[in-house]
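What follows is a short report on a single structure.
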Amino acid sequence: MNVVPGLRSIYRWNGLVQDDAEVMMILKTTGDRLESARARLVELHPCDVPEFIALAASDGHHPYLQWIVDSTRIP
């Protein structure tokens, strides 16, 4: 997981333009664990509509991708 502080988010909500500080989290997981990660984020996040975007790693350094698989495996 990477946490990127210091972001500025400008968006429209309930008909008004909002300008807020934001922190972005980049979470790496496997496809079979994606839905549980999404459910947990929605459960814990204070916003009504939290941002959750999944990007597939279609090409990557194989040892790193294998490390993600190994690191997210439930013992």
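The values are calculated or read from the model by the stated rules, or taken from the named source; none is laboratory data. Model, not experiment: these values are computed from the prediction. We place every Cβ from the backbone using ideal geometry, glycine too, and count neighbours over all the protein chains shown.
A compact table of results
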| quantity | calculated |
| --- | --- |
| Looking only at segment 43-75, and only at residues there that are polar (S, T, N, Q) and outside any loop (DSSP other than H, G, I, E, B), the one that is farthest from V4 (Cα to Cα) | Q66 |
| Selection count, segment 43-54, where residues are exposed (fewer than 12 other Cβ atoms within 10 Å of the Cβ), at pLDDT 95 or above and over 24 Å from P75 (Cβ atoms) | 2 |
| All positions within segment 1-42 that are part of a strand (DSSP E or B), surrounded by 10 or more Cβ atoms within 10 Å (Cβ to Cβ) and of a type in the set (D, E, K, R) | D20, E22 |
